[in-house]
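J.: Have a look at this one before I ask anything.
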Protein chains: 2
Amino acid sequence: MSANKKARTHPPYELLYWPGIPGRGEFIRLAFEAAGVSYKDVSNEEKDGVKAIKALTSPTSIGTSPNPPVFAPPALRIPSEGKSASDLIIYQTPSILSYLGPKLNLAGADEAESAWILSHTLTALDLNNEAHDTHHPISVADYYEDQKEEALKKAKNFREARIPKFLGFFERVLKGNEKEGGGKFLVGGKLSYADTTVWHVLNGLEFGFPKEMEARKQEFPLLFETFYAIVQEQSGLKEYLASDRRQPFSMGVFRHYPELDRQ
Amino acid sequence: MSANKKARTHPPYELLYWPGIPGRGEFIRLAFEAAGVSYKDVSNEEKDGVKAIKALTSPTSIGTSPNPPVFAPPALRIPSEGKSASDLIIYQTPSILSYLGPKLNLAGADEAESAWILSHTLTALDLNNEAHDTHHPISVADYYEDQKEEALKKAKNFREARIPKFLGFFERVLKGNEKEGGGKFLVGGKLSYADTTVWHVLNGLEFGFPKEMEARKQEFPLLFETFYAIVQEQSGLKEYLASDRRQPFSMGVFRHYPELDRQ
């Protein structure tokens, strides 16, 4: 474990996700890192840790009572925090963030902010899924090369219709919250897990669609000049992003196929 | 408003969603109906109610302070429940359900159950999205007929790989919770918004893919013989499903194109 992680004042959280890529696990990592709260990234930190991920999502598992089975990673294990002091296991990115948010002080100041933070996070994760589907429009289990023709069509629609729709929305969220958030935060006056989630999706889009994003940036000044630039400088995030714990994008959700980018 | 709705003991909730189809608004309707809690379905109950939906999701709106803009319906308006007694507006189906769940007594008995209920709901909504994408694999804004070739491929993969993966998962969730839930409930010993959400997706799949579902049912006995059969008989749901408030499936998320079903 890196020396950059702060001492534990929380349960010994364990993130269960595939090793070597940011993937959907990254949204959980960013929340912990922004909060300065320690966690074990099991498959990246433990020899054979990936076995735990495979066991967790076995297609024959009925869960480890009282925990249900897990459809897909990421999952979060919190030792002794479940029923009758059993380990608690939660899956689905938004569910994990919703659970962690208040505990990490990243879920806003009241019930209204808490709801909006989850809403914007879900919208960013929809964009994340649509980015994934540009290279896998027909079947997630088959090769990109076997669905490339459809991917070219899907990516064109994604660049021309979906990217501006989503980015325009987040620009408007920032604008509506400008008095309190100053363009730096989507909800209220401080960092939330919605900010870290939207930030990572933007970062992934810059990796996957660099020409498209370069051409689009100026349309969304609050989003890129203020929000994107400032979120990555937040204490905890800045150190993490410069560390070797931050996995580079490669062949995960965000992929750089030049033929899918703006030509 | 129908006489079947019970008297108000809650805030005057308003559902903001497109009229005439179940769509994603249905997951919110089912939660209210199962709880016996009154709500106004604005676009179906008010003349010109659809104008409110259009205004809400205007592509130039920055929200109605302090509420943020809404990316897409459904949204829920709760008069006087926001900051400084303003109206609170929440969007994104899972965020609305997460907010309503404890208030409607549909969110489980403790923090662990509450997290699992949200997780399973998110998984069912992923299946809902994948069902939608079978008829719109390339572009949500274009006609089915213009992406039919890709739809045939996507639907084949959906039927052969995705439907059994998701249904098998929910069968295992029921199995893992059988001691407490008796196959009737996904989490714990009583109805939750995960149950109503999974139920509606199954109902939609039966409409969209009747041959596929008929052939598959026997593989998942707990899911169909117990869960599906019993959830629709629950008090509140049974009356709703027999009422004219339940919109029939037509050209929304779930569509019946025979060429996309098992041949």
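The values are calculated or read from the model by the stated rules, or taken from the named source; none is laboratory data. Here the structure is a predicted model, which is why all the values come from computation and not from measurement. Because the Cβ atoms are built from the backbone with ideal geometry, glycine has one as well, and the counts that use them run over all protein chains shown. What goes into the accessible areas is simple: the full protein's heavy atoms, side chains included, and nothing from ligands, DNA or RNA. Shrake-Rupley method; radii C 1.70, N 1.55, O 1.52, S 1.80 Å.
J.: Along Cα-to-Cβ, 7 Å out, sits the label point; list in nm, shortest first, how far the one on A:PRO102 is from those in the other copies.
T.: 0.4
J.: Let me ask something else. Could you pull out every one of the lysines with an alpha carbon less than 29 Å from that of A:LYS153, ignoring same-chain neighbours closer than 8 positions?
T.: Answer for A:LYS153, where 29 Å is the Cα cut-off: A:LYS165, A:LYS211, A:LYS217, B:LYS54, B:LYS148, B:LYS153, B:LYS154, B:LYS156, B:LYS165, listed by chain and number.
J.: For the stretch B:239-252, just list the computed ³J(HN,Hα) in residue order, Karplus coefficients 6.51, -1.76 and 1.60, θ = phi - 60°, integers in Hz, with x standing in for Gly and Pro.
T.: 5, 4, 5, 8, 8, 7, 6, 6, 6, x, 5, 8, 10, x
J.: Pop a pseudo-label 7 angstrom from the Cα along the beta-carbon direction at both B:TYR143 and B:SER235 and give the gap in nm to one decimal.
T.: With each label point 7 Å from Cα toward Cβ, the separation is 5.0 nm.
J.: Return the whole-Å distance between the Cα centroid of the stretch B:118-162 and the Cα centroid of the stretch B:229-263.
T.: 18
J.: Give the calculated FRET efficiency between A:THR9 and A:ALA109 to the nearest 0.05, with a Förster radius of 22 Å applied to their Cβ-Cβ distance.
T.: Once rounded, the FRET efficiency stands at 0.55.
J.: Rounded to the nearest 20 debye, what is the charge dipole size of the protein assembly as shown about its Cα centre when +1 sits on each Lys and Arg Cβ and -1 on each Asp and Glu Cβ?
T.: It comes to approximately 520 debye.
J.: At q = 0.14, 0.24, 0.30 Å⁻¹, what log₁₀ I(q)/I(0) does a Debye calculation on the Cα points of the stretch B:202-242 give, no solvent, two decimals?
T.: Each listed q maps to, in turn, -0.35, -0.85, -1.01.
J.: How large is the convex hull of the Cα atoms of the protein assembly as shown per residue, expressed in Å³ as a whole number?
T.: Hull volume normalised by residue count: 144 Å³.
J.: Shifting gears a bit: Kirkwood Rh, Cα Rg: Rg to Rh for the stretch B:32-71?
T.: That ratio equals 1.10.
J.: Treating the stretch A:15-99 as a set of equal point scatterers at the Cα positions, no solvent, please give the Debye-formula log₁₀ I(q)/I(0) at q = 0.10, 0.12, 0.20, 0.25 Å⁻¹.
T.: Values, matching the q order: -0.23, -0.33, -0.95, -1.41.
J.: Also: What is the distance, in nm, between label points placed 7 Å from the Cα along the Cα-to-Cβ direction at B:GLU178 and at B:GLU219?
T.: Placing both labels 7 Å along Cα→Cβ, they lie 1.9 nm apart.
J.: For every helix of n ≥ 4 consecutive DSSP H residues, a contribution of -39,500 (n - 2.57) applies; sum these over chain A, divide by its total residues, and give [θ] at 222 nm rounded to the nearest 500 deg cm²/dmol.
T.: It lands at -13000 deg cm²/dmol.
J.: If I compute solvent accessible area with a 1.4 Å probe over the protein chains, what percent of it on chain B is carbon and sulfur?
T.: 50
J.: Mean 1/r over all different Cα pairs, inverted: what Kirkwood radius does the stretch B:18-177 give, in Å?
T.: After inverting the mean inverse Cα-Cα distance, the result is 18.0 Å.
J.: For the stretch A:93-179, report the % of Cα-Cα distances exceeding 17 Å.
T.: Of the Cα pairs, 59 percent sit more than 17 Å apart.
J.: What residue among A:SER98, A:SER43, A:SER86 has the largest mean-square fluctuation in a Gaussian network model of chain A, using Cα springs under 10 Å?
T.: A:SER86
J.: Can you figure out the FRET efficiency of A:LYS83 with A:GLN263, using R₀ = 45 Å and their beta-carbon distance, to the nearest 0.05?
T.: After rounding, the FRET efficiency stands at 0.25.
J.: Give the residue list of trypsin sites (Lys or Arg not before Pro) in the stretch A:9-55 that are DSSP loop and have at most 15 other beta-carbon atoms within 10 angstrom.
T.: Listed in order of number, the matching sites are A:LYS47.
J.: Still on this model: Quick one: plug the Kirkwood hydrodynamic radius of the stretch A:140-248 (C-alpha pairs) into Stokes-Einstein at 25 °C, 0.890 mPa s, and report D in µm²/s.
T.: 160
J.: Under a Cβ-only charge scheme (Lys and Arg +1, Asp and Glu -1), can you give me the dipole magnitude of the stretch B:47-147 about the Cα centre, in debye to the nearest 20?
T.: 640
J.: Write down the Kirkwood hydrodynamic radius of the stretch B:54-113, to one decimal in angstroms, obtained as one divided by the mean of 1/r over all alpha carbon pairs.
T.: Hydrodynamic radius (Kirkwood, Cα only) of the stretch B:54-113 equals 12.6 Å.
J.: Going 7 Å from the Cα of B:LYS211 along its beta-carbon direction, which residues of the stretch B:236-263 have the amide nitrogen within less than 11 Å of the resulting point?
T.: B:258-263
J.: Same structure again: Which Cα, out of A:VAL231, A:PHE249, A:PHE209, lies furthest along the positive dipole direction of the stretch A:121-259 (beta carbon charges, K/R +1, D/E -1)?
T.: It is A:VAL231, whose Cα lies furthest towards the positive end.
J.: Another question, then. So how do B:SER235, A:SER95, B:SER61 rank on accessible area, 1.4 Å probe, biggest first, that is with the largest at the start?
T.: Largest to smallest exposure gives the sequence B:SER235, B:SER61, A:SER95.
J.: State log₁₀ I(q)/I(0) for the stretch A:133-194 at q = 0.12, 0.28 Å⁻¹ as given by the Debye formula over alpha-carbon point scatterers of equal weight, solvent excluded.
T.: Debye curve over Cα of the stretch A:133-194, log10 I(q)/I(0) at q = 0.12, 0.28 Å⁻¹: -0.49, -1.02.
J.: Now, a different point. With helices defined as uninterrupted DSSP H runs, which ones in chain A have an alpha carbon span along their own long axis of at least 18 Å and mean Kyte-Doolittle hydropathy of at least 0.0?
T.: A:163-176, A:193-208
J.: Still on this model: Set Lys and Arg Cβ to +1 and Asp and Glu Cβ to -1, take the dipole of the stretch A:71-186 about its Cα centre, and tell me which of A:ILE90, A:PHE170, A:THR121 lies farthest positive.
T.: A:PHE170
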